[in-house]
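K.L.:
If you scroll down you'll find the structure; I have some questions about it.
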Amino acid sequence: MQMRRRDFLIFGSLLGAATCLEAKESSSFAKAFGSVEPTIRAVQEHMFPENGMLPSAVSMQATRFLFETMQHKSFDRDIRKFVIEGAKELALREHGKFPCLPAEEKERALRAYEETPQGGRWLSRIMILSMEALFSDPIYGSNIDEAGWKALHTEGGQPRPSTRYIAL
């Protein structure tokens, strides 16, 4: 079956537009994430602090992992939006000061946010994404030196991935 020239040109235009839209969406996400990154980082560091039983969010580069995972084209757009909006809401509730609060005040703020309709789901999502950072295969840029696995006295799944992401 031959493709008519007109159909080929329309198909090519749509393909080019899709690439531009994806690049614009990625850039838009990076900008939105940058505005809430300090809040997300502070929440992760509160959940997985230094000197805890598990590796810390800092040592596992959990915020970078979360950003790179969410920025990937296969990541669910609705979850991406939910994470950004939830972080904005927490920042707003705490007048932009959440990252600077002492641990006791962070705990109070997170417990209060957890009681809101969105807050509990948002904190659960941040916990899930942070745990993925701590326990995923190190090829994805976190779980440095397999520290998450070692803390649980376990090994990663087999077979181990040989590339960072599957090409879509």
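K.L.:
Which pairs turn up if I take residues in segment 37-50 that are of a type in the set (S, T, N, Q) and look for partners that are surrounded by 19 or more Cβ atoms within 10 Å (Cβ to Cβ) and part of a loop (DSSP other than H, G, I, E, B) with beta carbon separation below 6 Å, at least 6 apart in sequence or on another chain?
P.N.:
Hits for this filter: Gln44/Ala57.
K.L.:
Is it fair to say Ala62 is surrounded by 14 or more Cβ atoms within 10 Å (Cβ to Cβ) and over 19 Å from the mean Cα position of the chain (by Cα)?
P.N.:
No; evaluated as a whole, the condition is false for this residue.
K.L.:
Name, by its number, the condition in (1) modelled with pLDDT of 95 or more; (2) loosely packed, with under 13 Cβ neighbours inside 10 Å that does not hold for Asn51.
P.N.:
Exception for Asn51: condition (1).
K.L.:
Scan segment 73-84 for residues that are over 12 Å from Ile40 (Cβ atoms) and either of a type in the set (Val, Ile, Thr) or surrounded by fewer than 18 Cβ atoms within 10 Å (Cβ to Cβ) (or both) and jot them down.
P.N.:
Those that are over 12 Å from Ile40 (Cβ atoms) and either of a type in the set (Val, Ile, Thr) or surrounded by fewer than 18 Cβ atoms within 10 Å (Cβ to Cβ) (or both): Lys73, Ser74, Phe75, Asp76, Arg77, Asp78, Ile79, Lys81, Phe82.
Residues are listed down the side, and each one gets a yes or a no for (1) assigned to a helix (DSSP H, G or I); (2) small (Gly, Ala, Ser); (3) in contact with a Gly (Cβ under 8 Å, 6 or more places away or on another chain):
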| position | (1), (2), (3) |
| --- | --- |
| Val36 | yes, no, no |
| Thr39 | yes, no, no |
| Met53 | no, no, no |
| Ala57 | no, yes, no |
| Thr63 | yes, no, no |
| Ser74 | no, yes, no |
| Ile79 | yes, no, no |
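K.L.:
Condition first: in a loop (DSSP other than H, G, I, E, B) and closer than 25 Å to Ala32 by Cα. Now tell me which residues in segment 89-114 satisfy that.
P.N.:
The answer is Glu94, His95, Gly96, Lys97, Leu101.
The values are calculated or read from the model by the stated rules, or taken from the named source; none is laboratory data. None of these values were measured; they are calculated from a predicted model. Please note: Cβ atoms are built from the backbone with ideal geometry, for glycine as well, and neighbour counts cover all protein chains shown.
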